[in-house]
Amino acid sequence: MAEPSEELERELVIDVSRLDPEGEILEGEVDCVDLDEELVKPFGGVRYRLRAQAIGSELLVSGRLEQDFELVCSRCGRDFDTTIVVDDFAESYELDEKTSEIVLTSDVRDSIILQLPSYPVCDEACAGIEMESAMPADDRWNALDKIEEQRAERNQNHGKS
Ligand SMILES: [Zn+2]
């Protein structure tokens, strides 16, 4: 029997006072992409593998982030699963004698969100909606189509007058 899934950390914090001066690799998973959008659903947490090192008065952090999402294809309207990867995460943080910890959570979250495609596609070869009868109706994209139609009609009428 599997243990009930462990609660993921919700903050990614580096304890500067205990950081190895030679630098450290930090690995884990942090649940911080708290999007609540109909078309963009994260699942699991951000898997991270980061190198952290204090150099002079700066903490340098760089590495790789991954987050799984369920997205809706902008061509065919189907849900599909994908992994958003940031492989060049790099941030620096000011340190002084009083700094005991650095919180990375918001930078990690923002990096993942910036990497989300504006027009997700389930497959580069996706041809969009070919057989409408075979497709489940999806009102979310129909709403956009209607707006487009109305705009086209208005433009036509405008051209006639
Ligand atoms: Zn598609």
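Summary of values
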| quantity | calculated |
| --- | --- |
| Meets criteria (of a type in the set (S, T, N, Q), surrounded by 13 or more Cβ atoms within 10 Å (Cβ to Cβ) and within 16 Å of the ligand (Cβ to nearest atom)) for Thr82 | yes |
| Answer residue from the stretch 1-14, given it is in a strand (DSSP E or B) and modelled with pLDDT of 95 or more and is nearest to Lys98 (Cα to Cα) among those | Ile14 |
| The stretch 80-96, residues that are among the charged types (D, E, K, R) and over 16 Å from the mean Cα position of the chain (by Cα) | Glu91, Glu94, Asp96 |
| Residue that is of a type in the set (D, E, K, R) and in contact with a Lys or Arg (Cβ under 8 Å, 6 or more places away or on another chain), where the choices are Glu7, Glu37, Glu58, Glu66 | Glu66 |
| Failed condition for Ser17, given (1) more than 27 Å from the chain's Cα centre (by Cα); (2) assigned to a strand (DSSP E or B) | (2) |
| Output for the stretch 49-79, where each listed residue is under 25 Å from Cys122 (Cα atoms), away from the ligand (no atom under 16 Å from the Cβ) and in contact with a helix residue (DSSP H, G or I) (Cβ under 7 Å, 6 or more places away or on another chain) | Leu65, Gln67 |
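The values are calculated or read from the model by the stated rules, or taken from the named source; none is laboratory data. Just so it is clear, the model here is predicted, and its values are computed rather than measured. Ideal geometry is used to build each Cβ from the backbone, glycine not excepted, and the neighbour counts take in all protein chains shown.
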